[in-house]
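A.B. asks: Dumping the structure here so I can ask a few things about it.
Every number in this text was worked out from the coordinates using simple rules, so none of it is lab data. Since the model is a prediction, treat every value here as computed from it, not as a measurement. Don't worry about glycine lacking a Cβ; one is built from the backbone with ideal geometry, like all the others, and counts go over all protein chains shown.
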Amino acid sequence: MVDLARRNFFKAKSIHTKPAIRLPYVANEDTFIENCTQCARCITSCPENIIIKGDAGFPEIDFARGECTFCNKCIDVCDEPLFNHVDSAPAFDLHIQIKGNCLAVNQVFCQSCQDSCDTEAISFRYLDSSIPQPQILLDSCNGCGACVSVCPQASIELSPHTTLTKVGEINECS
């Protein structure tokens, strides 16, 4: 298995790089790193062009480029045992955070993230005639990333939230 922290040390990169967002329905990070051949077929098959070659050459999702439409073309072209069955697990298990540079948080009217969210996981709450503030309904979020690329301030951050150890079994990360 490739130790990305050690590799980053020798490249003079920060050892504390944020974890990569892998392809939808990936079983777990260890299985992915161990079995991915870095063939890049998933990268070229993605119609949204959101899969990029990340650290150590492994594919990862870059939601700044657009959203995942769950077309599963990346899964269809992969010959390796990297994925859970589509119906047995969520596509992504991501933590969503709205950073302090959000326009609405800074009293500037903006609701672009809400307008792009098909699942209505982001809404805005009006408080005493002030600028409405973003609210995230985590149960409604499917992790598609549509809100990330439309944000004019790059204020929305998605990151891996949990590690999937087996199909259906989820352990919280520390």
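A.B. asks: For segment 53-76 and segment 118-142, what is the separation of their C-alpha centers, rounded to whole Å?
C.D. replies: Comparing the Cα centres of segment 53-76 and segment 118-142, I get a distance of 26 Å.
A.B. asks: Just in segment 35-114: which trypsin sites (Lys or Arg not before Pro) are loop by DSSP and have at most 12 other Cβ atoms within 10 Å?
C.D. replies: Sites meeting the loop and neighbour criteria: Lys99.
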